[in-house]
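I have placed the structure first, in the form of structure tokens, so that the comments after it can refer back to it.
The values are calculated or read from the model by the stated rules, or taken from the named source; none is laboratory data. A quick note: this is a predicted structure, and the numbers were derived from the prediction, not measured. Cβ sites come from the backbone with ideal geometry, for glycine too, and all protein chains shown count toward neighbours.
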Amino acid sequence: MALIVTQDGSHSVYSERYGVTYHSRYGALTESLHVFIGAGLRFKAAVQTDISVLEVGLGTGLNAFLSWLEAERRNLNVRYTGLENQPLTPEEAALFNYAECAGVPERQADFCRLHTCAWERTVRLSDHFHLRKKRMPVQAYRATEAFDVIYFDAFAPQAQPEMWTEAVFRALHRALRPEGLLVTYCAKGDVKRTLRAVGFEVERLPGPPGKREMTRAWK
Ligand SMILES: C[S@@+](CC[C@H](N)C(=O)[O-])C[C@H]1O[C@@H](n2cnc3c(N)ncnc32)[C@H](O)[C@@H]1O
């Protein structure tokens with residue numbers, strides 16, 4: 001694993017296979033807080049406390065960890081499903097500095113639990129956070145429950161175009177409850193057109209540092 005340090009001091013990973021990093025080089029933690037927590041989970045939390053989240057690309061577990069912390073701070077009940085077909089090992093994940101960068105160094109052991117807990121079943125990690133990790137490609141996933149929020153955190157379209165297709169977005173649209181939302185850091189015109197083509201209403205939002213815009217799409 002090629003560990004890198006992004007501009008806010010938080011770690012990320014460089015993927016040799018896709019030639020891109022897992023997060024923005026301007027700040028992994030900053031990006032995750034802005035795109036997934038701010039525009040996704042926190043936005044939904046303004047209207048409901050029971051929230052089911054689907055993440056496409058669990059990766060380092062940063063979004064899951066921040067969602068867990070947010071659930072505790074806001075007294076939410078978050079049920080989190082993470083899809084990942086090429087998981088990092090728990091030993092690799094233990095190197096990440098996300099607990100420290102998030103201001104909760106005492107939660108490092110909890111961050112590691114995200115990676116050591118069982119796959120393919122729902123695990124209660126706290127009163128506020130249940131996690132189900134599924135080792136499979138999103139293309140093979142058929143949802144058996146409805147979600148309120150989808151974190152679409154795939155590698156960029158130019159690196160992994162097979163993630164940003166009509167077929168994938170149609171299945172994700174189907175997996176959302178009415179009024180459900182999908183958030184992604186990507187604001188490319190092609191991606192927004194594909195989202196609209198499968199039925200999403202698409203909203204442009206200011207992006208995190210280094211990105212002018214991001215996308216929130218509604219069912
Ligand atoms: C941009 S990284 C983001 C990861 C994660 N959200 C994070 O914060 O570390 C994209 C992730 O998608 C995963 N991935 C690649 N192809 C996938 C697929 N077909 N289905 C599900 N996940 C996939 C990669 O292994 C990687 O972990």
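Only residues that are surrounded by 13 or more Cβ atoms within 10 Å (Cβ to Cβ) and either in contact with a strand residue (DSSP E or B) (Cβ under 7 Å, 6 or more places away or on another chain) or of a type in the set (A, V, I, L, M, F, W, C) (or both) were counted in the stretch 87-97, giving 6. The set of residues in the stretch 140-158 that are assigned to a loop (DSSP other than H, G, I, E, B), within 14 Å of the ligand (Cβ to nearest atom) and surrounded by fewer than 16 Cβ atoms within 10 Å (Cβ to Cβ) comprises 142, 143, 158.
In summary, strands (runs of 3 or more DSSP E) completely within the stretch 1-90 and bearing 3 or more residues that are within 21 Å of residue 132 (Cα to Cα) occur at 50-56, 77-84.
Scanning for something within 17 Å of the chain's Cα centre (by Cα) and polar (S, T, N, Q), does the stretch 156-168 turn up at least one residue?
Applying the first criterion (within 17 Å of the chain's Cα centre (by Cα)) to the stretch 156-168 yields 156-157, 160, 163-164, 168.
Restricting the remaining residues to those that are polar (S, T, N, Q) gives 160.
Yes, the conditions are met somewhere in the stretch 156-168.
I'm told residue 79 meets every condition in (1) closer than 19 Å to residue 21 by Cβ; (2) under 15 Å from the mean Cα position of the chain (by Cα) except one. Can you identify the failing condition by its number? Result: residue 79 passes all but (1).
Of all residue pairs spaced 6 or more apart or on separate chains, those with beta-carbon atoms under 8 Å, a first member in the stretch 148-164 that is in contact (Cβ under 8 Å) with a residue 12 or more places away in the chain and a second member that is among the acidic types (Asp, Glu) and within 11 Å of the ligand (Cβ to nearest atom) are 150/55; 151/55; 153/55. Pairs linking a residue in the stretch 57-68 that is over 13 Å from residue 185 (Cβ atoms) and at pLDDT 95 or above to a residue that is more than 8 Å from the ligand (Cβ to nearest atom) and assigned to a loop (DSSP other than H, G, I, E, B), with Cβ atoms under 7 Å and 6 or more positions apart or on different chains, are 60/96; 66/102.
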